[in-house]
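The values are calculated or read from the model by the stated rules, or taken from the named source; none is laboratory data. Quick caveat: nothing in here was measured; it's all calculated off a predicted structure. Cβ placement follows ideal geometry from the backbone for every residue including glycine, while neighbour counts extend to all protein chains displayed.
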Amino acid sequence: MRKIHLAVASLSLAAALLGSGSAAAEETKSQHGGGYVAGNVLGFSIISVPGVATPFGTIGGGAAGAYHMDFEGGYHFSGTHDGFMAGLRQGFNFGSGSSGATQAKFGYSLVFPISGGPSEIIVTPYTVLGAAYGFSGGDPSFAFGFGAEVRYFINESGLFVGGHPLELGGWVPGGFTYTFGLGAGYAF
């Protein structure tokens, strides 16, 4: 995945450097607003918890799957839907051990215009940091992760569909997490 992120960043840089003056720079600017709200309501999480080693073998551990959804809002500091961004995300996992995570989100959005029109694809590598907690009690955990999300703007209205096909992270104490989500949002 790291090679894909580096390849996307390298291609974007090459396009900007090889383009003709300010026109090339404007082509990589988003046509949509810098603020956004989004909801990923179709998703799942896998949380892998390590077992406890004893002289008699490992006790506990394993992986649990859950229905995942998250809602977030944020802003791109460029004023358009590209460049550095910061936001706040609230995630929910519903399963045998229902839980939530409140996290700050930081990323960098890359714009890929489609045929020079209002349609564009935005790819954002990001990281999240915050707290995770079980709904049935217990101590909170430090929650972190990194991933990439893709947004597809169909027209100039600001509506987009997208999601994060890959987010890897962890809860300390807790375990390793993998999260997938699809949804929609609005940029303003």
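Odds and ends about this structure:
- Looking only at residues in region 38-55 that are aliphatic (A, V, I, L, M) and at pLDDT 75 or above, the one that is farthest from Gly174 (Cα to Cα) is Ala38.
- For region 56-108, a tally of residues being touching a Pro at 6+ places or on another chain (Cβ under 9 Å), modelled with pLDDT of 95 or more and either part of a loop (DSSP other than H, G, I, E, B) or not aromatic (Phe, Trp, Tyr) (or both) returns 1.
- Contact annotation: residue pairs with Cβ atoms under 8 Å, 6 or more positions apart or on different chains, pairing a residue in region 164-182 that is under 14 Å from Ala101 (Cα atoms) with a partner that is at pLDDT below 95 and acidic (Asp, Glu), are Pro173/Asp139.
- Across region 110-149, the number of residues qualifying as under 18 Å from Lys29 (Cβ atoms) and part of a strand (DSSP E or B) comes to 9.
Quick grid of which residues meet (1) among the β-branched types (Val, Ile, Thr); (2) under 13 Å from the mean Cα position of the chain (by Cα); (3) closer than 18 Å to Ile46 by Cα:
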{"residue": "Tyr152", "(1), (2), (3)": "no, no, no"}
{"residue": "Asn155", "(1), (2), (3)": "no, no, no"}
{"residue": "His164", "(1), (2), (3)": "no, yes, yes"}
{"residue": "Phe176", "(1), (2), (3)": "no, no, yes"}
{"residue": "Phe188", "(1), (2), (3)": "no, no, no"}
